[in-house]
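Scroll down for the structure; my scribbles are underneath it.
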Amino acid sequence: MIKLVACDLDGTLFNSEMAVSAANAKAVKNAQSSGIEFLIATGRAPRESRSVLKDADLHTSFINLNGALVFDENEQLMIKHSIPKAKAQQLVHLLHRSGFYFEILTANQVYSENLDQRISNVAHLMVDLNPLLDFRQAVAISAGNKTIMNMKQIHSFDNLLQDPKIEVMKIIAFDSRGHEAFTDIKKEIATMGDLVVTSSSSSNIEINEQHAQKGLALLDYAKLKGIEPEEIAAIGDNLNDESMIRAAGTGVAMGNAIPAIKKIAQVVTKRNNEDGVAYILNKFIADNNNTRGAS
């Protein structure tokens, strides 16, 4: 039986307009009513992810920032893995020197040195995740998205890191040229040690403390809840979902997932624009009911 479902947001629960469809929202509520706990597992920060879920009238627990922060359904912090300040300063200097646009994420805020670049890079991300979307449409959606509205533009990341109260949970860098643009810098980051680099699209890399991975966070959360790995399903579409898809008893790839994710998943559901999350959740509910009936 499936007792816990961990689900990614971008390219998974979200459609191409970065919203939760009515069908997906209904299926999540039905799953919760049937006894399946639904856990959001995202690279997004707590405030921006909760904001969109509230619009869909969904109440869940969260793995945020790829596992740097884990919250229960009452928004109580359960797990935290931050990037040490000295490492964060090294990363800022490296990314600046290499000419990348990037952002710093803390538990409560997303910081940018240039919001115009942010809008452009999010638009590239949206087109990457949804190839049928026109870039100009993506820019319009990105500019009006709550994620942009909730961000804070600052003059200098170096000045930000001088604040002793700032804890860096994740750094995300963007480049519309694709994964090959990050080849050299990923090698440099690897030499720094105690960091993990993943990606939520071909146009970004996401840098976390080495323990901040969705799979590790998912297993830690399940253990606290008394749930076994074989009772967990994980749904995702991209590289930062790999660890949780491997960790779960049932790994689910979206129909729009990259080939590497489809290869390691046990199940492939429909695409994010076809309510793929609702499709697989309804199957889990039916399978659980059949198991209960048989026993």
Just name the residue that is nearest to N290 (Cα to Cα) out of those in region 15-32 that are modelled with pLDDT under 95 and not acidic (D, E). N15
Could you please let me know if L65 is surrounded by fewer than 18 Cβ atoms within 10 Å (Cβ to Cβ), within 18 Å of M169 (Cβ to Cβ), touching a Leu at 6+ places or on another chain (Cβ under 9 Å) and outside the structural domain of G178 (by TED's automatic domain parsing)? no
Every residue in region 33-48 that is under 22 Å from Y111 (Cα atoms) and either at pLDDT 90 or above or surrounded by 21 or more Cβ atoms within 10 Å (Cβ to Cβ) (or both), please. A41, T42, G43, R44, A45, P46, E48
Go through region 272-295 residue by residue and tally those that are free of Cβ contacts under 8 Å to residues at least 12 places away in the same chain and closer than 11 Å to N30 by Cβ. 1
Within region 6-27, identify whether any single residue is under 21 Å from K225 (Cα atoms) and either among the aromatic types (F, W, Y) or over 14 Å from the mean Cα position of the chain (by Cα) (or both), and answer yes or no. no
Take the residues of region 161-200 that are more than 17 Å from S82 (Cβ to Cβ) and in a loop (DSSP other than H, G, I, E, B): which is nearest to the chain's Cα centre (by Cα)? S200
Listed by first then second residue, the pairs whose first member lies in region 195-224 and is closer than 21 Å to E103 by Cβ, whose partner is in a strand (DSSP E or B) and basic (K, R), with beta carbons under 7 Å and at least 6 positions apart or on separate chains, are E206/K170; I207/K170; N208/K170
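Specify the residue that is surrounded by the most Cβ atoms within 10 Å (Cβ to Cβ); the eligible residues are those in region 83-101 that are closer than 18 Å to A212 by Cα and of a type in the set (D, E, K, R).
Looking at residues that are closer than 18 Å to A212 by Cα and of a type in the set (D, E, K, R), I get K87.
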Say we look at region 94-137 and pick out the residues that are touching a strand residue (DSSP E or B) at 6+ places or on another chain (Cβ under 6 Å) and among the charged types (D, E, K, R); which of these is modelled with the highest pLDDT? E103
Which condition from (1) more than 21 Å from the chain's Cα centre (by Cα); (2) touching a residue at least 40 places away in the same chain (Cβ under 8 Å) is the one that F135 breaks? (2)
Residue list for region 222-250, restricted to those being of a type outside the set (D, E, K, R), modelled with pLDDT of 95 or more and touching an Asp or Glu at 6+ places or on another chain (Cβ under 9 Å): A222, I227, A234, I235, G236, M244, A248, G249, T250
Members of region 6-50 that are under 19 Å from Q76 (Cβ atoms) and polar (S, T, N, Q): Q32, T42, S49
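Give the number of residues within region 151-181 that are more than 17 Å from I207 (Cα to Cα) and buried (at least 17 other Cβ atoms within 10 Å of the Cβ). Reasoning before the result, please.
Kept after step one, since they are more than 17 Å from I207 (Cα to Cα), are these residues of region 151-181: 151-156, 158-160, 162-165, 176-177.
Restricting the remaining residues to those that are buried (at least 17 other Cβ atoms within 10 Å of the Cβ) gives 151, 160, 176.
So the answer is 3.
The values are calculated or read from the model by the stated rules, or taken from the named source; none is laboratory data. Source: prediction; values computed, not measured. Heads up, the Cβs are rebuilt from the backbone with ideal geometry, glycines too, and the neighbour counts pull from every protein chain shown.
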